[in-house]
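**Student:** I have a structure here, written as structure tokens, and I will follow up with some questions on it.
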Amino acid sequence: MDFYNHAEYTPTVSALTQQRDKISPVYFPETLRCFNCWYPGKIKYKDYRLLACDGSDINIFRNPSDPASYYRNSSNGKGFNVLHINALYDLCNRSYQMLHIVGRHGQNEQRALVDFMKAYTADDKCIFIADRNYVSWNILAYAQHWNLKYVIRAKDITSNGILHTFHINQTVGEADMNLSINLTRLKRCINKKQPERFRTMATNVTFDFISPGEKGVFPIGFRLARIQIGKDKYESLLTNLFPS
């Protein structure tokens with residue numbers, strides 16, 4: 001009402017809702033893209049753009065008819081709705097570059113990062129930065145395939161994450177080492193003379209380069225930087241940035 005100065009021609013709630021429903025969802029990412037084209041960030045770190053990816057939940061209005069975002073609350077039975085947002089943020093220029101918004105039930109942070117990476121090439125000179133939720137063989141393979149730079153925090157060597165594959169001595173302390181492995185879906189693809197150089201992926205593991213049951217081997221390599229942050233506490237970073 002204030003926007004229309006309480007005029008008689010103020011649209012009704014029903015009219016506004018009907019007009020809003022005409023807006024295609026594709027216009028929102030396109031608007032963000034156009035905005036960034038008009039105001040491109042010029043600040044870089046050593047000639048690279050630093051693009052950080054992270055996800056967050058946001059509560060929205062209650063809508064039980066939306067199964068993608070609705071959660072039933074056992075305490076009062078009313079329930080609530082939640083969206084999950086993945087955002088790609090330019091750290092140096094403090095600007096959002098891309099957004100991926102879905103109902104909380106349909107969230108897939110690793111797939112969102114792949115979609116973000118598809119929009120860039122090696123010539124764009126970007127470094128993708130992400131937390132542990134995003135690390136996967138699929139992400140590392142796409143970055144290697146497209147020659148995109150990254151720094152991703154991973155579960156430490158003492159956990160059951162990706163680094164567990166390499167059986168690194170847990171007393172190694174701080175470390176900077178190059179790691180490589182051959183990924184496959186089938187055990188018959190493993191070189192019997194060097195079985196430690198192979199990793200067989202389960203059928204429920206997402207890996208777009210070799211389908212479940214398909215014959216094939218995907219060699220992958222990266223650098224591990226293990227940094228001490230406290231007494232007996234370490235952070236492990238996976239990257240394909242190497243000293244030059």
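The values are calculated or read from the model by the stated rules, or taken from the named source; none is laboratory data. Everything numeric in this text was worked out from a predicted model, so none of it was measured. We place every Cβ from the backbone using ideal geometry, glycine too, and count neighbours over all the protein chains shown.
**Student:** Only one residue in Tyr96, Tyr150 is of a type in the set (Phe, Trp, Tyr), in contact (Cβ under 8 Å) with a residue 12 or more places away in the chain, in the same structural domain as Glu174 (by TED's automatic domain parsing) and assigned to a strand (DSSP E or B). Which one?
**Tutor:** From the options Tyr96, Tyr150, the qualifying one is Tyr150.
**Student:** I'd like the residue in the range 198-241 that is part of a loop (DSSP other than H, G, I, E, B) and in contact (Cβ under 8 Å) with a residue 40 or more places away in the chain and, out of all such residues, is farthest from the chain's Cα centre (by Cα). Let's see the steps before the verdict.
**Tutor:** Applying the first criterion (part of a loop (DSSP other than H, G, I, E, B)) to the range 198-241 yields 201-216, 231-232, 240-241.
In the following step, the residues that additionally are in contact (Cβ under 8 Å) with a residue 40 or more places away in the chain were identified as 201, 205-209, 240-241.
Values: Met201: 20, Val205: 16, Thr206: 14, Phe207: 14, Asp208: 15, Phe209: 18, Asn240: 17, Leu241: 18 Å.
Restricting to residues being part of a loop (DSSP other than H, G, I, E, B) and in contact (Cβ under 8 Å) with a residue 40 or more places away in the chain, the top hit is Met201.
**Student:** On to the next question. Tell me which of these Leu51 doesn't satisfy, since it passes every other one: (1) at pLDDT below 95; (2) not in a helix (DSSP H, G or I).
**Tutor:** Of everything listed in (1) at pLDDT below 95; (2) not in a helix (DSSP H, G or I), Leu51 misses just condition (1).
**Student:** When only residues in the range 173-209 that are surrounded by 12 or more Cβ atoms within 10 Å (Cβ to Cβ), out of contact with any Cys (no Cβ under 9 Å at 6 or more places or on another chain) and of a type in the set (Val, Ile, Thr) count, which is nearest to Asn147 (Cα to Cα)?
**Tutor:** Restricting to residues being surrounded by 12 or more Cβ atoms within 10 Å (Cβ to Cβ), out of contact with any Cys (no Cβ under 9 Å at 6 or more places or on another chain) and of a type in the set (Val, Ile, Thr), the top hit is Ile181.
**Student:** Which condition does Arg153 not pass, out of (1) farther than 29 Å from Tyr89 by Cα; (2) at pLDDT 95 or above, if it passes all the others?
**Tutor:** Answer for Arg153: the failing condition is (1).
**Student:** Quick one: would you say Gly213 is surrounded by fewer than 17 Cβ atoms within 10 Å (Cβ to Cβ), on the phi > 0 side of the Ramachandran plot and at pLDDT below 95?
**Tutor:** Working: surrounded by fewer than 17 Cβ atoms within 10 Å (Cβ to Cβ): yes; on the phi > 0 side of the Ramachandran plot: yes; at pLDDT below 95: yes.
Yes.
**Student:** I'd like to know if the range 179-188 contains one or more residues that are within 20 Å of Glu235 (Cβ to Cβ) and free of Cβ contacts under 8 Å to residues at least 60 places away in the same chain.
**Tutor:** Step one: of the range 179-188, the residues within 20 Å of Glu235 (Cβ to Cβ) are 179.
Adding the requirement that they be free of Cβ contacts under 8 Å to residues at least 60 places away in the same chain leaves 179.
The answer is yes, given that some residue of the range 179-188 is within 20 Å of Glu235 (Cβ to Cβ) and free of Cβ contacts under 8 Å to residues at least 60 places away in the same chain.
**Student:** Just to be sure before I move on: is Thr171 assigned to a loop (DSSP other than H, G, I, E, B), at pLDDT below 95 and either over 23 Å from Tyr234 (Cβ atoms) or within 13 Å of the chain's Cα centre (by Cα) (or both) in the structure I sent? Break it down into steps so the answer makes sense when it comes.
**Tutor:** Details: assigned to a loop (DSSP other than H, G, I, E, B): yes; at pLDDT below 95: yes; either over 23 Å from Tyr234 (Cβ atoms) or within 13 Å of the chain's Cα centre (by Cα) (or both): no.
In short, no.
**Student:** Suppose we filter Asp90, Asp57 for residues that are of a type outside the set (Ser, Thr, Tyr), outside the structural domain of Tyr150 (by TED's automatic domain parsing) and crowded, with 17+ Cβ neighbours inside 10 Å; which single one remains?
**Tutor:** Of the residues listed, the single one that is of a type outside the set (Ser, Thr, Tyr), outside the structural domain of Tyr150 (by TED's automatic domain parsing) and crowded, with 17+ Cβ neighbours inside 10 Å is Asp90.
**Student:** Right, next: Can you tell me which of Phe166, Phe116 is in contact (Cβ under 8 Å) with a residue 12 or more places away in the chain and within 30 Å of Cys92 (Cα to Cα)?
**Tutor:** Residue meeting the stated conditions: Phe116.
**Student:** Determine if the range 70-78 includes at least one residue that is in contact with a helix residue (DSSP H, G or I) (Cβ under 9 Å, 6 or more places away or on another chain) and either on the phi < 0 side of the Ramachandran plot or aromatic (Phe, Trp, Tyr) (or both). Working first, answer last.
**Tutor:** As a first pass, look at the range 70-78 and keep what is in contact with a helix residue (DSSP H, G or I) (Cβ under 9 Å, 6 or more places away or on another chain): 70-71.
Now narrow it down to the ones that are either on the phi < 0 side of the Ramachandran plot or aromatic (Phe, Trp, Tyr) (or both): 70-71.
So far as the range 70-78 goes, yes, one or more of its residues are in contact with a helix residue (DSSP H, G or I) (Cβ under 9 Å, 6 or more places away or on another chain) and either on the phi < 0 side of the Ramachandran plot or aromatic (Phe, Trp, Tyr) (or both).
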